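What follows is a short report on a single structure.
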Ligand code: UD1
Ligand code: MG
């Protein structure tokens with residue numbers, strides 16, 4: 001059975017108090033919208049339709065960024081969830097199969113839960129995802145008669161007896177496309193909010209002799225984000241899950257609560273992550289690598305046996321081969337560091353290539369920016385770059401070459417050569433002794449006055 005997704009993301013998110021549309025706030029480095037799209041992507045939807053309204057252009061761009069084939073449809077006025085689904089009618093034209101309606105601000109619905117809903121569709125026309133709420137608050141209530149869901153009552157419209165029901169509506173719905181569109185067309189807005197409620201389709205389906213049921217999941221999956229406090233709580237939930245899933249797949253963490261991960265962080269078996277490490281998006285760490293304390297990684301690839309940190313920063317395009325060592329206060333950006341090379345102390349290596357087994361001395365800087373453009377530094381294999389070398393790009397250092405400490409390299413260094421470019425040293429005999437006594441006398445005089 002083919003699947004289409006309709007993701008509702010037109011709402012304002014007033015309680016976020018933000019210029020950014022709610023669904024673009026991030027968890028684990030990815031917008032809420034992407035999380036919703038990600039959990040459903042395992043179903044291999046034939047069409048993904050995102051209903052946008054507030055901040056439509058930004059939300060549309062984010063949807064396309066996740067899935068270039070996604071279709072965004074506008075809901076100019078937010079007249080309710082059923083009205084939102086109606087906007088998907090044209091985009092669903094010609095589609096035969098089931099539609100799953102999701103909310104863009106509900107990031108944790110699992111693929112297993114969606115699968116369970118699809119399975120329940122075999123013997124039901126409409127399947128709604130419900131959950132037992134610890135505090136049912138203002139959620140819509142699911143009114144069951146045995147296995148049949150007879151209707152959904154919104155909190156505002158519910159009687160006291162209905163409000164006592166703890167089985168609540170998550171908002172996720174699955175039904176055949178044609179049936180769903182027929183049902184949402186029949187929904188009116190004669191209710192406490194004057195909105196077109198998607199939840200009304202259940203009662204209408206019953207009147208038409210169609211059967212509805214509820215599938216339930218853990219309340220944690222149905223969390224929706226409405227405020228910054230809820231966003232932070234959801235981030236904590238996400239981080240806890242990511243840590244457990246990585247540790248379960250063989251990653252070593254001494255203090256997992258201090259390690260922060262992104263939605264796409266990949267870490268291999270027996271890799272060791274020390275405390276206080278941040279993985280921004282786009283990082284892959286291979287098996288057996290070690291990321292030492294207080295490092296920050298983004299858009300980087302760390303190969304087997306490499307060591308990074310403590311206090312290292314890998315920026316986008318950092319590509320570390322096997323057995324590479326990156327030490328404290330080193331920043332690597334858009335640079336390939338080949339097998340066994342070492343950049344151990346206080347260096348900036350950007351827009352560069354460093355050959356195998358080369359050693360980059362403390363305080364080395366690739367001067368990659370001239371104020372207007374970026375330039376590349378190429379360092380061969382088996383080189384020795386002396387401490388405090390300034391490599392003024394574009395520049396190339398040949399294989400097995402050397403630079404003397406404090407050299408400013410402005411011209412290419414041939415293979416096997418040594419570059420030395422610094423002022424000659426002069427020793428002035430006795431000068432330090434004289435200067436010290438002069439300065440001490442001055443200080444003593446000032447002290448008396
Ligand atoms: C909805 C459900 C309620 C359920 C709750 C779960 C209805 C009528 N009620 O209530 O039963 O318990 O979710 O969180 O469906 N949206 C649009 N266009 C609109 C209105 C909403 O795109 O015109 C989007 C919102 O951006 C949001 C989602 O639909 O992503 C849900 O809307 P929201 O206003 O939060 O519904 P609730 O009142 O919470
Ligand atoms: Mg809501």
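The values are calculated or read from the model by the stated rules, or taken from the named source; none is laboratory data. What you see is a predicted model, and the numbers here were worked out from it, not measured in a lab. Counting neighbours? That spans all protein chains shown, and the Cβs are built from the backbone with ideal geometry, glycine included.
When residue 236 is tested against (1) within 33 Å of the chain's Cα centre (by Cα); (2) in a loop (DSSP other than H, G, I, E, B); (3) more than 11 Å from ligand 1 (Cβ to nearest atom), only condition (2) is not met.
Here region 59-90 is the region considered, the condition is being within 16 Å of ligand 2 (Cβ to nearest atom) and surrounded by fewer than 20 Cβ atoms within 10 Å (Cβ to Cβ), and the residue that is nearest to residue 34 (Cα to Cα) is 78. Looking across region 156-213, the residues that are in a helix (DSSP H, G or I) and away from ligand 1 (no atom under 14 Å from the Cβ) come down to 160, 161, 177, 178, 179, 181, 182, 185, 186, 205, 206, 207. Regarding residue 185, is this residue farther than 29 Å from residue 112 by Cβ, free of Cβ contacts under 8 Å to residues at least 12 places away in the same chain, assigned by TED's automatic domain parsing to the domain that holds residue 123 and surrounded by fewer than 16 Cβ atoms within 10 Å (Cβ to Cβ)? For residue 185, the condition - farther than 29 Å from residue 112 by Cβ, free of Cβ contacts under 8 Å to residues at least 12 places away in the same chain, assigned by TED's automatic domain parsing to the domain that holds residue 123 and surrounded by fewer than 16 Cβ atoms within 10 Å (Cβ to Cβ) - is not met. For region 28-41, filtering for residues that are touching a helix residue (DSSP H, G or I) at 6+ places or on another chain (Cβ under 7 Å) and modelled with pLDDT of 95 or more leaves 6. Within region 153-173, can one find any residue that is away from ligand 2 (no atom under 16 Å from the Cβ), modelled with pLDDT of 95 or more and closer than 18 Å to residue 100 by Cα? For region 153-173, residues away from ligand 2 (no atom under 16 Å from the Cβ), modelled with pLDDT of 95 or more and closer than 18 Å to residue 100 by Cα: absent. For region 218-233, the set of residues classified as touching a residue at least 60 places away in the same chain (Cβ under 8 Å) and either within 20 Å of the chain's Cα centre (by Cα) or within 13 Å of ligand 1 (Cβ to nearest atom) (or both) consists of 219, 220, 221, 222, 223, 224, 225, 226, 227, 228, 231, listed by residue number. Considering (1) in a helix (DSSP H, G or I); (2) within 16 Å of ligand 2 (Cβ to nearest atom), the lone condition that residue 39 does not fulfil carries the number (2). For region 420-433, the criterion of being surrounded by 11 or more Cβ atoms within 10 Å (Cβ to Cβ) and not in a loop (DSSP other than H, G, I, E, B) is met by no residue. For beta carbons closer than 8 Å, sequence separation of 6+ or different chains, a first residue in region 89-104 that is under 15 Å from residue 121 (Cβ atoms) and a second that is within 16 Å of ligand 2 (Cβ to nearest atom) and assigned to a loop (DSSP other than H, G, I, E, B), the qualifying pairs are 101/198.
Could we say that residue 404 is surrounded by fewer than 19 Cβ atoms within 10 Å (Cβ to Cβ), on the phi > 0 side of the Ramachandran plot and without any contact (Cβ under 8 Å) to a residue 24 or more places away in the chain here? Criteria not met by residue 404. Restricting attention to region 131-155, the residues that are closer than 22 Å to residue 210 by Cα, touching a residue at least 12 places away in the same chain (Cβ under 8 Å) and surrounded by fewer than 14 Cβ atoms within 10 Å (Cβ to Cβ) add up to 1. So is residue 88 within 15 Å of ligand 1 (Cβ to nearest atom), part of a loop (DSSP other than H, G, I, E, B) and either over 14 Å from residue 9 (Cβ atoms) or not assigned by TED's automatic domain parsing to the domain that holds residue 20 (or both) or not? So residue 88 does not fit the description; no. Of the candidates 199, 216, the single residue that is more than 16 Å from ligand 2 (Cβ to nearest atom), within 25 Å of residue 110 (Cβ to Cβ), assigned by TED's automatic domain parsing to the domain that holds residue 86 and at pLDDT 95 or above is 216. With respect to (1) free of Cβ contacts under 8 Å to residues at least 12 places away in the same chain; (2) under 23 Å from residue 119 (Cβ atoms), the lone exception for residue 190 is condition (2).
Residue 50 meets all of the listed conditions (1) part of a helix (DSSP H, G or I); (2) within 15 Å of ligand 1 (Cβ to nearest atom); (3) closer than 22 Å to residue 197 by Cα; (4) touching a strand residue (DSSP E or B) at 6+ places or on another chain (Cβ under 8 Å) but one, namely (1). Within region 7-36, the set of residues being in a strand (DSSP E or B), crowded, with 24+ Cβ neighbours inside 10 Å and away from ligand 2 (no atom under 15 Å from the Cβ) comprises just one member, 31.
Here region 91-130 is the region considered, the condition is being near ligand 1 (Cβ under 9 Å from one of its atoms) and not in a strand (DSSP E or B), and the residue that is surrounded by the most Cβ atoms within 10 Å (Cβ to Cβ) is 104.
Across region 388-401, what is the total count of residues that are surrounded by 17 or more Cβ atoms within 10 Å (Cβ to Cβ) and in a loop (DSSP other than H, G, I, E, B)? Residues that pass the stated criteria total 5.
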